[in-house]
Amino acid sequence: MSPIERELRTQLAATYRIIHHYGWDELIWTHSTVRIPGPDHHFLINPYGYRFDEVTASNLVKVDPDGTIIGDQDQEINPAGFVIHSAIHMMRPDVQCIVHTHTTAGMAIAAVADGLLPISMYALGYHGQVSYHDFEGPSIDMEERARLGKNLGHNNVLILRNHGLLTCGETVAQAFVRMFRLERACQVQLAAQATGSKLNIPPQQICEISAERSDAFLSTKGGDGYSRRPNPEFDALVRLMDKIDPSYRD
C-alpha cells in the first residue's frame with residue numbers, strides 16, 4: 001500500500017467517525033468515499049453492514065469504476081452507494097472526496113420544493129452553487145449515473161431531492177467542511193421556517209459576495225485570510241477523534 005493510500009484511508013476513516021460523533025450516521029447507510037490517485041480510478045468506500053464507529057483505515061473497501069472489489073473478496077459494498085459515488089468520481093476528476101448524509105435536517109430541506117434558501121451565513125456561502133437531482137427511487141440503476149453527473153455539473157454541493165445531501169472536495173477535509181456548513185444551513189433554515197415569520201433574504205450583491213468569500217474560506221491552499229493551513233476545522237476534529245477513540249487508524 002502506498003503512503004498516499006494509507007493517508008487517505010486514515011482521513012476517510014476519521015470522517016466516518018466524525019459523522020458518527022455528530023449523529024449524522026443512519027445505522028449502516030450513507031457513504032463517504034475518496035479517490036486514490038493513479039490511472040486505475042480506484043476509490044475507497046465503507047464496508048457494507050458496518051456501523052460508522054466500526055470503520056477503520058484497513059477495512060475500507062477499494063473498488064474500481066465497475067464496482068469490482070480490489071483485494072479481499074469477502075468484503076461487500078452497498079450497490080446504491082456505489083452508483084452515486086462512482087458517477088461523480090468518474091465524471092469529475094477534480095473531486096477526490098465525496099460525503100453523503102441522510103440527516104433529518106438535510107432530508108427535510110431535500111423535501112422542500114424551494115430547496116436551500118439564502119437566509120443564513122452558511123447558506124449564503126453556497127449561493128448559486130447548489131445543484132439538485134430528482135429522486136428516482138433507490139439508486140441501484142447504473143443508468144442513473146449519467147444523470148447524477150450531469151445534474152451535479154461543476155458545483156460541489158448536490159441536494160438529492162427527497163433523499164439527502166452530498167458534497168464534493170479536492171480533499172477529504174474540504175468535502176467534510178462543506179458538508180458541515182451545508183448541514184448547519186439546513187438546520188438553521190428549518191428553525192427559521194418553524195417560526196412562521198417572513199424570511200429575510202439579503203440583496204443579490206450580498207449573496208454573491210458571501211459565496212465568493214466562502215470559497216476563499218474553503219480553499220485547499222490556505223493563506224486566504226482564513227488560516228495558513230487549509231480547512232483547519234477538519235484537523236481539529238481529527239484530534240478529537242484521536243482523543244475519543246484512535247482505533248479508526250487501525
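Looking at Thr10, Thr56, Thr33, which is the one that is part of a strand (DSSP E or B), hydroxyl-bearing (Ser, Thr, Tyr) and in contact (Cβ under 8 Å) with a residue 12 or more places away in the chain? Give the steps one after another, and end with the answer.
Working: Thr10 fails: part of a strand (DSSP E or B); Thr56 fails: part of a strand (DSSP E or B).
Testing whether each residue is part of a strand (DSSP E or B), hydroxyl-bearing (Ser, Thr, Tyr) and in contact (Cβ under 8 Å) with a residue 12 or more places away in the chain leaves just Thr33.
Would you call Glu212 of a type in the set (Asp, Glu) and surrounded by 13 or more Cβ atoms within 10 Å (Cβ to Cβ)?
In short, no.
Quick check on region 118-138: of everything there that is in contact (Cβ under 8 Å) with a residue 60 or more places away in the chain and surrounded by 18 or more Cβ atoms within 10 Å (Cβ to Cβ), which residue is nearest to Gly67 (Cα to Cα)?
Checking each candidate, the answer is Tyr126.
Among residues belonging to region 15-62 that are more than 21 Å from Ile84 (Cα to Cα) and aliphatic (A, V, I, L, M), point out the one that is surrounded by the most Cβ atoms within 10 Å (Cβ to Cβ).
Ile18
Condition check ((1) loosely packed, with under 13 Cβ neighbours inside 10 Å; (2) out of contact with any Ser or Thr (no Cβ under 7 Å at 6 or more places or on another chain); (3) touching a residue at least 12 places away in the same chain (Cβ under 8 Å)) across all residues:
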{"site": "Leu182", "(1), (2), (3)": "no, no, yes"}
{"site": "Gln187", "(1), (2), (3)": "no, yes, yes"}
{"site": "Ala194", "(1), (2), (3)": "yes, yes, no"}
{"site": "Lys198", "(1), (2), (3)": "yes, yes, no"}
{"site": "Ser227", "(1), (2), (3)": "no, yes, no"}
{"site": "Pro232", "(1), (2), (3)": "no, yes, no"}
{"site": "Val238", "(1), (2), (3)": "no, yes, yes"}
{"site": "Met241", "(1), (2), (3)": "no, yes, yes"}
{"site": "Arg249", "(1), (2), (3)": "no, no, yes"}
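Mind checking which residues of region 13-30 are part of a helix (DSSP H, G or I), among the hydroxyl-bearing types (Ser, Thr, Tyr) and within 18 Å of Thr104 (Cβ to Cβ)? Steps first, answer last, please.
Quick first cut of region 13-30, residues part of a helix (DSSP H, G or I) only: 13-22.
If we keep only those that are among the hydroxyl-bearing types (Ser, Thr, Tyr) too, we end up with 15-16, 22.
Listed by number, the list holds a single entry, Tyr22.
Return yes or no: is Leu148 closer than 30 Å to Phe82 by Cβ and touching a helix residue (DSSP H, G or I) at 6+ places or on another chain (Cβ under 6 Å)?
Numbers: closer than 30 Å to Phe82 by Cβ: yes; touching a helix residue (DSSP H, G or I) at 6+ places or on another chain (Cβ under 6 Å): yes.
Here the answer is yes, as Leu148 does meet what is asked.
Show the residue pairs that are 6+ apart or on different chains and have beta-carbon atoms under 7 Å apart, the first residue being within region 81-100 and in a loop (DSSP other than H, G, I, E, B), the second being among the polar types (S, T, N, Q) and at pLDDT 95 or above.
That search, which allows pairs on different chains as well, returns Gln96/Thr171.
The values are calculated or read from the model by the stated rules, or taken from the named source; none is laboratory data. Note that the structure is predicted; figures quoted are calculated from it, not measured. As a convention, Cβ positions derive from the backbone with ideal geometry for all residues, glycine included, and neighbour counts pool all protein chains shown.
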